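To keep things clear, I will list the structure first and then write my remarks on it.
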Amino acid sequence: MNRYYYDFHIHSCLSPCADDDNTPNNIAGMASLCGLNILALTDHNSTKNCPAFFEACRRHGIVPIAGMELTTAEDIHVVCLFEELNDAMAFDGMIGEHRMLIKNRTEVFGNQLILDGQDNIICEEEYFLSNATDISIEDVPKYVSEYGGICYPAHIDRQANGIISVLGAFPETPYFKCVEINRPEKIKEYTQKYGLSEKQIIISSDAHYLTDIGDKENYFDIDDEPYSAANVRKKLFEILR
């Protein structure tokens, strides 16, 4: 068993609300400096920077996870993680059919940059990414599982786009094994108040700036023999499922 420090909620320069300096290589480099071992890229309603992110993580010795922060029809944020990059990209294509296509206004919302593995700009996402899709919270687990992924509500301890703030309680259905809490000091309060004692608590940064990525603190102990990034992801997903 080896200890893997993680952050499963990071935005790149593809997310309009994230800093343009949050390139795949800068994220991987900062995470390496912070002592992190596993990292998930979770841009709003898109995985299009994940191929570049995988390339950058390989150079820094970090195990990459392709992900997305999906916005449901109810305006709830859900972290979606995929064991395989190809599955994440296929999921992205499906989500494109459920997005409400509104032209991005860069002067208001910010840039949406798609990069290659060397941080060169390939193109820009034309349509605003942070608005709601037409997929309900009830249907998210079904869609994600069809692509081999796992999902859980993001930052349930926040007012903006948190499942509890939107619905007023943590719902019994759909079932989520994991939940994300942004502030560790809120774990005890939310666990007791909303009956989350059997949930796996994930603590992630929701980093929109490089300085939001914190030093190593949260971890999973993983049996990683024989070692490969793919095997680490496989064992991690067995834990999260």
Across the stretch 167-182, the tally of residues that are under 21 Å from the mean Cα position of the chain (by Cα), loosely packed, with under 14 Cβ neighbours inside 10 Å and outside any loop (DSSP other than H, G, I, E, B) stands at 0
(1) among the basic types (K, R); (2) more than 15 Å from L70 (Cβ to Cβ); (3) in contact with a Pro (Cβ under 9 Å, 6 or more places away or on another chain) all hold for K142 apart from (2)
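Residues I150, I164, I202, I181: which one is under 20 Å from I239 (Cβ atoms), β-branched (V, I, T), free of Cβ contacts under 8 Å to residues at least 60 places away in the same chain and touching a Phe, Trp or Tyr at 6+ places or on another chain (Cβ under 9 Å)?
Values: I150 fails: free of Cβ contacts under 8 Å to residues at least 60 places away in the same chain; I164 fails: under 20 Å from I239 (Cβ atoms); I202 fails: free of Cβ contacts under 8 Å to residues at least 60 places away in the same chain.
Testing whether each residue is under 20 Å from I239 (Cβ atoms), β-branched (V, I, T), free of Cβ contacts under 8 Å to residues at least 60 places away in the same chain and touching a Phe, Trp or Tyr at 6+ places or on another chain (Cβ under 9 Å) leaves just I181.
Specify which of the listed residues (Y152, Y143) is of a type in the set (S, T, Y), touching a strand residue (DSSP E or B) at 6+ places or on another chain (Cβ under 7 Å), closer than 18 Å to H44 by Cβ and modelled with pLDDT of 95 or more. Give the derivation first.
Working: Y143 fails: touching a strand residue (DSSP E or B) at 6+ places or on another chain (Cβ under 7 Å).
Going through Y152, Y143 in turn, just one is of a type in the set (S, T, Y), touching a strand residue (DSSP E or B) at 6+ places or on another chain (Cβ under 7 Å), closer than 18 Å to H44 by Cβ and modelled with pLDDT of 95 or more: Y152.
Examine the stretch 197-219 for a residue that is among the small types (G, A, S) and over 26 Å from S130 (Cα atoms), and state whether such a residue exists. Break it down into steps so the answer makes sense when it comes.
Initially, the stretch 197-219 is screened for residues among the small types (G, A, S), giving 197, 204-205, 207, 214.
After this cut, where a residue has to be over 26 Å from S130 (Cα atoms) as well, the list is 197.
Yes - at least one qualifying residue is present in the stretch 197-219.
I'd like the full set of residues that are loosely packed, with under 15 Cβ neighbours inside 10 Å and not in a loop (DSSP other than H, G, I, E, B), limited to the stretch 145-159.
Applying the first criterion (loosely packed, with under 15 Cβ neighbours inside 10 Å) to the stretch 145-159 yields 145-146, 159.
Answer for the stretch 145-159, where residues must be loosely packed, with under 15 Cβ neighbours inside 10 Å and not in a loop (DSSP other than H, G, I, E, B): S145, E146.
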When H208 is run through (1) surrounded by 13 or more Cβ atoms within 10 Å (Cβ to Cβ); (2) in contact with a Phe, Trp or Tyr (Cβ under 9 Å, 6 or more places away or on another chain); (3) in contact (Cβ under 8 Å) with a residue 24 or more places away in the chain; (4) not aliphatic (A, V, I, L, M), the failure sits at (2)
Requiring at least 2 residues that are surrounded by fewer than 20 Cβ atoms within 10 Å (Cβ to Cβ), the strands (runs of 3 or more DSSP E) wholly within the stretch 46-144 are 121-124
*asked:* It is to be established whether one or more residues within the stretch 24-37 are touching a Pro at 6+ places or on another chain (Cβ under 7 Å), part of a loop (DSSP other than H, G, I, E, B) and surrounded by 21 or more Cβ atoms within 10 Å (Cβ to Cβ).
replied: no
Taking the stretch 1-23 and the residues there that are surrounded by 19 or more Cβ atoms within 10 Å (Cβ to Cβ) and polar (S, T, N, Q), the one that is farthest from I203 (Cα to Cα) would be T23
#### Entry: Check on V144, touching a residue at least 12 places away in the same chain (Cβ under 8 Å) and in contact with a Cys (Cβ under 6 Å, 6 or more places away or on another chain)
yes
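The values are calculated or read from the model by the stated rules, or taken from the named source; none is laboratory data. A quick note: this is a predicted structure, and the numbers were derived from the prediction, not measured. FYI the Cβ positions are ideal-geometry reconstructions off the backbone, even for glycines, and counts take in every protein chain you see.
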